[in-house]
Each structure stands twice: as C-alpha cells, then as structure tokens.
1. If packing is taken as the average count of other Cβ atoms within 10 Å, what order do 42-50, 129-137 fall into, highest mean first?
2. Between the alpha-carbon centers of segment 86-117 and segment 263-294, tell me the distance in whole angstrom.
3. What are the residues whose amide H is under 5 Å from the amide H of residue 187, where those residues sit 5 or more places off or on another chain and H is modelled from the backbone?
4. Show me, for segment 48-63, the HN-Hα J-couplings you get by feeding each phi into the Karplus relation (A = 6.51, B = -1.76, C = 1.60, θ = phi - 60°), rounded to Hz, glycine and proline as x.
5. Sort 231, 21 by Cβ crowding within 10 Å, fewest neighbours at the top.
6. List the residues whose amide H sits under 5 Å from the amide H of residue 223, counting only those 5 or more places along or on another chain, with H placed 1.01 Å from N in the peptide plane.
7. From the phi angles alone, apply the Karplus equation (6.51, -1.76, 1.60; θ = phi - 60°) to segment 263-275 and give each ³J(HN,Hα) in whole Hz, x where the residue is Gly or Pro.
8. Rank the residues 121, 214 as a footprinting-exposure proxy: fewest other Cβ atoms within 10 Å of their Cβ go first.
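Just so you know, all these numbers are worked out from the coordinates, no wet-lab data involved. None of the values given here were measured: they were computed from a predicted structure. Cβ: placed from backbone, ideal geometry, glycine included. Neighbour counts: every protein chain shown.
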Amino acid sequence: MSKTTLFQHVVTPEEDGELLETVLRKQFRFSRRMMRILKHEKRVLVNGEWIFFRSRVNEKDLIRIELNIAEDVEYISPEEVPFTVVDEDEDLIVVNKPPHTVVHPTGSHQHGTLANGLVYYWQQRGENHKIRPVTRLDKDTSGLMVLAKHAYGHAFLADQMAKKRYERSYFAIVHGNLIHDRGTIDLPIGKVPDVPLLRFIDFSEEGSRAITHYEVIERFPHASVLCLWLETGRTHQIRVHLSSIGHPIIGDDLYGNGEEEKHLIGRQALHAKLLKIYHPRKRDWVVWEAPIPSDIKQLLELLRRCS
C-alpha cells in the first residue's frame, strides 16, 4: 500500500514571479535527488495542476507536494523497552532516552535497545518506520533525542545539524571546581588507534575540531554542576573535553573513575536536557526539555547534604 505525506506552501509576495524549483529549494530544502523524483513522478501541484519546475509562480499560489514515504524497513525485533515519548507528529518523534539504553542494535547489544522499543511502540499503533536518529546519545547518557519518520524529514534535519541550525544543551556533574564560571573548550578529538570505542585529544591531522561551551550553575567543595552547549557533535565530545581539562564527569567509567564511583551513581552524570530544532513541516523553531532523571537528582542531593 502506498504511503504518502503532504506538504503545502502558499507563495509569498517576496516569491511572486520566482521559478517553482527555486521556491521548492528555498522553502523545503529538497536535495537534487528528491527534486528529480518529484519532477519525474509529478508529485508537485500548483493550484491543483502540474506545471513545469521552470515555470514561474505567483503570489498566493498554493503549492502541494505529495511525498512517497513508503520504504523497505530493516527488521528489528519489537520489544517493550522503557522510554518516554516527549512529542510526535507525522515527521518526527522526540524521546527521552533513559540511561543504560543503547540506541541501535549492535553486535553486542541485539536486544533491549531504543530501536527495539520504538519498533514495538509503533507496531502497537499500526505504524512501521525505519529507525532514523538525527541526534544520538551514548548508552549511559540520558535525555532528549529526535528521530525522523521518513527520508525527507531525516535529510532536512541532518542538513540543519550540518549547518549548525540547532541547539542542544546538557546537564552534567563533574569532579572539582572550574576556575571560570563560563568558558569554552576548543580541542580537537580523534579516535584512539586500535580501540574503536575510545576518543582522545588529537592535535594531529586526524583530529576533528570540537567545541564545547559550559557554564557553572552550582558549586560544591569537590564538584561542580554544569550546563553545556555543543557547537560540534563529536563522539564522546563532552566527556573527552571535560576529562581533558581535569574535570571528568562523575560516574564516567571511560574517561574518569566510574568503576570506583558506582556507590554515587551507576553511570556518567550527563543528561541531554534541551533540544531546539527547525521543524521540516512547520518551518519554525520547536523546543523540548527533559527533566533531570532520578539518579542524577539523588547525586545532587548527596552533594548538597555533604557540602
């Protein structure tokens, strides 16, 4: 059965007289491949009629685009995995991922992943979508993630990420007291040779630029609470950056002393608390927030009692 989704746009006064293809690219940021498909399959109508993409449109013309979103979906076993749906529409889903949850099945994690849970969740609603994460989180990092429900949504949002048209902020509790209340860590990150999981500060040509901004929002005798913003999105970026300046995240067993801190918290005290993106259909900014999870709250209470 064919699955489609409809996008619409009313030509603005500023667009009066522009080529149809120009308006489509500007308003919907369709890729060249998508433009070819839309043209070949005649899926764009202006005032209910098909016109050439090189035709000019007039103010108040109604452009309707019917996207075919049917696709082959990889098999992932449906499993009832705990997570919270923060928001969902026909283009995307925003979830609050709990800690200790891998996003997608891998060789060592075939079950109990967020993807397994999403397949189950959609199956209960008679839906079937490919798993398309736009943002990702480490297994033991909790918080907000956005996933697209069709190829165009993913391409649009990935383009926004590449152009840094988004905002993500994180909450973390780290060892020690940072000297400055606000700062920026601008250090390149690379892969540790022969250890695929690990990253390190790498000033060689192999290193990729990574920028993290932080603000101290609470101080304790031997710990600090931070709000962090990413300007880039490297693997383990926040964890590597904070460890590199001598303030590893409490509970981080890769870049800190997490194994010795299980009595404090069973994972790194890092939470993706805010996500702001430009929506592919609404063409406006949308903001979501996720509350601080209970295990990080308990660590905060312990630090406050002991200070």
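1. Output ranking for 42-50, 129-137: 129-137, 42-50.
2. With segment 86-117 and segment 263-294 each reduced to a Cα centre, they are spaced 14 Å.
3. Those lying under 5 Å, H to H, from residue 187 are 210, 212.
4. Working through the residues one at a time gives x, 10, 7, 10, 5, 5, 8, 6, 9, 10, 10, 3, 6, 4, 9, 9 Hz.
5. Result, fewest neighbours first: 231, 21.
6. 176
7. These are the phi-based 3J(HN,Hα) values: 6, 8, 6, x, 6, 5, 7, 9, 9, 7, 9, 9, 9 Hz.
8. Neighbour counts put them in this order, fewest first: 121, 214.
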